[in-house]
Every structure is written in C-alpha cells, then in structure tokens.
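*Asks:* What follows is a structure written as structure tokens; I'll ask about it next.
The values are calculated or read from the model by the stated rules, or taken from the named source; none is laboratory data. Everything numeric here is computed off the predicted structure, so don't read it as measured data. We place every Cβ from the backbone using ideal geometry, glycine too, and count neighbours over all the protein chains shown. To get the accessible areas, we keep the full protein, side chains included, count just its heavy atoms, and leave off ligands, DNA and RNA. Shrake-Rupley method; radii C 1.70, N 1.55, O 1.52, S 1.80 Å.
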Amino acid sequence: MAKRESAPTIVVLGGINMDLIATAPRLPMPGETVRGGEFYTAPGGKGANHAVAAARLGASVRMVGRVGKDTFGPSMLDDLRADGIDVTGVSEDPVNASGVAVILLDDSRQNHIVAVYGANAACGDTELQAATSALDGADVLMLQLEIPFEVSLAAARAAKSMGVTVVLDPASAAPLPPGSLETVDVLTPNQTEATFLTKLEVRDLASARDAAHALVEMGVGLAVVKLGSEGVCYASREESGDVSAFRVEAVDTVAAGDAFGGALAVALAEGAGLKEAVRFGTAAGALAVTRPGAQEAMPSRREVEALMARR
C-alpha cells in the first residue's frame, strides 16, 4: 500500500491504562486458586494502543486523555513519547489513580480482562477542549468506550463539523444513546460487540455480514466486524465484503483489535480503498498476536507490508 507524501494526522481520545498480565492454564472456578505461570506489566488502554499502532505505521498522532499522579502515569506518558506521540493533550488527575486492566491469558492464548478505568472515567471538559484543539488539521479522530461517552460524542460532533473522519471502537460494549451512531463514520466492533449493538448473534462470516449491514442501517457510514481468526466483514451503503485472516502463530491476543483499528485508520486517512484498508488492518492485527503485550506488540509498517506481500 503506497503512502501519501505527507503523514496523516490522527487524534486519539481515549483510555490510557497499565496492563497487569498473568498467564494460567485456565480460568479458576469460583473460590478456586489456579497456579499461574508468568506475570508482567505493560502499557495499554485501547486509546493509547490505537495511538501507538497508528504512530508505528507512519501517522502523526496526538493523544488526549487522563492519567493519575501515581507510579503508572508518568511511565505510560514516557512510553507514548518514545513512539513520537504528542501527549500535550493528556492531563494528570490529582485524585483518581491511573486506569489499570487486569488480564488473564489461558493456555489457548485467549484473554480475559477486568478493566478499572480510574482517571479515564474522570475525563470531561478539559479533555474535550484538548481534543477539539487537537482536531485542527487532523484527518481522523479515534474513539473508544473507556472514557465517558458524552465526552467522546461531543468530540465526534466537533470532528464532523470540521470534516474529520470519526472512527469508533465500541469497546467495552455498552449501550449507546439513540442517534449517536450517526456521528460515526467507521465502527469497528468485534463479534461480541456487534452482537450487543445489533441483537443479532454473530458467530461466523455470514452473521457478521448481516450485523455489518444492520449497523449501516443504524446510521454508521462503514461497519467493520472483527472475527479474530475467522477474518473481517465490512459493509457501507456502497460496498461490502470480507477479508480472511492471515495465518500466524499466536502468542497472545491482547491487542490484536487495537492494532487492526490503528492500521485501518491510517490506511483510510492515506486514501486507500476500502478492501485494501481492511486488509492492511487485518495484517497489523495478525502481527500483533505473534508477540506478547499490548503496545510493544504493535508492528511497524515494514512488517505489515512484508506480511501482505506474502499473500
């Protein structure tokens, strides 16, 4: 996929968390203790993960969010700066702790996550003002559901008025106000989130295709439903299709969807065709599962293009 001459500018308004990751052969039953394997920490949060994914693929990224004045906060901001991300829009919360995500990986390498959003949940007018300022000259606004949705919705409306494409990853799944999807240009749910939003059981490519079309009827410009190892289905009013997953050896699946989302946003901002953009995202997501962690698992552009060239 050819890059345009100037890097696209992507604003990310969303969650910044520290991931606390443990491996175990299986989930414990209620009241049971299961002996684990490894434990490690890694910077995460869907917003921050999207920011790193997009930056490593060549975008100029502006991050907006909130962290606590604790051990995790400064460390997470340093990690974002190391990837060249502008964090001037990230504020420090004097009261609430930084968000954390407690992640258990089982032997099948599937992840089970409990998120405690902390300072993320306190985002408000300060972050909205920072996001609105950051949108000047931007191509894409990326949103998730890890901060209060009324803040994200107001930012989406501001973006629409400025001609900035709005991309929403509706995770973690939560009810959305009526009519809010009409502010979204691109929606990227996984199968669980697509089921939640449409009330259609998404279990395979055919049902994912139905859900994608249903989301378009609900007001979304483009719906992209992620099915993990089964691939991706997408639909707009003009075009629909699917892209099969790249076959790789999975290490963990913690941030595959975030790698996909960041890559999709970059490709669309660069003017790629819809199927090409989805394929670019699918390749990035596949590479992310081949290494542990969240932000450290995000691939470079060279790696994504090399994988795409092999198929």
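*Asks:* Conditions first: (1) under 18 Å from the mean Cα position of the chain (by Cα); (2) at pLDDT below 95. Ala194 passes all but one, so which condition is the exception?
*Replies:* (2)
*Asks:* Right, here's the next one. Please state which of the following conditions Ile147 fails to meet, knowing it meets all the rest: (1) surrounded by 18 or more Cβ atoms within 10 Å (Cβ to Cβ); (2) over 30 Å from Glu217 (Cα atoms).
*Replies:* (2)
*Asks:* Tally the residues that are part of a loop (DSSP other than H, G, I, E, B) and touching a strand residue (DSSP E or B) at 6+ places or on another chain (Cβ under 6 Å), restricting the search to segment 159-188.
*Replies:* Going through segment 159-188 one residue at a time, the tally reaches 4.
*Asks:* Looking at the structure I just gave you, is Gly73 under 16 Å from Ala42 (Cα atoms), open to solvent by less than 50 Å² (accessible area, probe 1.4 Å) and not acidic (Asp, Glu)?
*Replies:* yes
*Asks:* Glu305 - would you say it is among the charged types (D, E, K, R), more than 25 Å from Gly45 (Cα to Cα) and outside any helix (DSSP H, G or I)? Spell out the reasoning first.
*Replies:* Values: among the charged types (D, E, K, R): yes; more than 25 Å from Gly45 (Cα to Cα): yes; outside any helix (DSSP H, G or I): no.
No.
*Asks:* Counting only residues that are touching a strand residue (DSSP E or B) at 6+ places or on another chain (Cβ under 9 Å), surrounded by 19 or more Cβ atoms within 10 Å (Cβ to Cβ) and more than 8 Å from Ala255 (Cα to Cα), how many does segment 293-311 have?
*Replies:* Here is the first cut: in segment 293-311, the ones touching a strand residue (DSSP E or B) at 6+ places or on another chain (Cβ under 9 Å) are 293-297.
With surrounded by 19 or more Cβ atoms within 10 Å (Cβ to Cβ) added as a condition, the list becomes 293-295, 297.
Cutting the leftovers down to more than 8 Å from Ala255 (Cα to Cα) gives us none.
The number of residues fulfilling the criteria is 0.
*Asks:* Which ones in segment 151-173 are open to solvent by 40 Å² or more (accessible area, probe 1.4 Å), farther than 19 Å from Phe196 by Cβ, touching a residue at least 12 places away in the same chain (Cβ under 8 Å) and not polar (S, T, N, Q)?
*Replies:* Scanning segment 151-173 gives Arg157, Lys160, Met162.
*Asks:* Kindly indicate which of Leu135, Leu105 is of a type in the set (A, V, I, L, M, F, W, C), open to solvent by less than 30 Å² (accessible area, probe 1.4 Å) and touching a Ser or Thr at 6+ places or on another chain (Cβ under 8 Å).
*Replies:* Checking each option against the conditions leaves just Leu105.
*Asks:* Something else about it: If a residue counts only when it is closer than 16 Å to Phe260 by Cβ and touching a residue at least 12 places away in the same chain (Cβ under 8 Å), which strands (runs of 3 or more DSSP E) contained entirely in segment 9-77 have at least 2 such residues?
*Replies:* Counting at least 2 such residues, we get 9-13.
*Asks:* Follow-up. Go through (1) open to solvent by 60 Å² or more (accessible area, probe 1.4 Å); (2) at pLDDT 95 or above; (3) under 23 Å from Thr188 (Cα atoms) one by one and return the number of the condition His112 breaks.
*Replies:* (2)
*Asks:* Hey, can you tell me all the residues within segment 162-184 that are at pLDDT 95 or above and farther than 22 Å from Arg237 by Cβ?
*Replies:* Met162
*Asks:* It is to be established whether one or more residues within segment 80-94 are surrounded by fewer than 17 Cβ atoms within 10 Å (Cβ to Cβ), part of a helix (DSSP H, G or I), free of Cβ contacts under 8 Å to residues at least 60 places away in the same chain and not polar (S, T, N, Q).
*Replies:* From segment 80-94, those surrounded by fewer than 17 Cβ atoms within 10 Å (Cβ to Cβ) are 81-82, 84, 88, 92, 94; that's our starting set.
The next check asks that each one be part of a helix (DSSP H, G or I); those that pass are 81-82.
Right, trim to free of Cβ contacts under 8 Å to residues at least 60 places away in the same chain and you get 81-82.
Checking which are not polar (S, T, N, Q) leaves us with 81-82.
The answer is yes, given that some residue of segment 80-94 is surrounded by fewer than 17 Cβ atoms within 10 Å (Cβ to Cβ), part of a helix (DSSP H, G or I), free of Cβ contacts under 8 Å to residues at least 60 places away in the same chain and not polar (S, T, N, Q).
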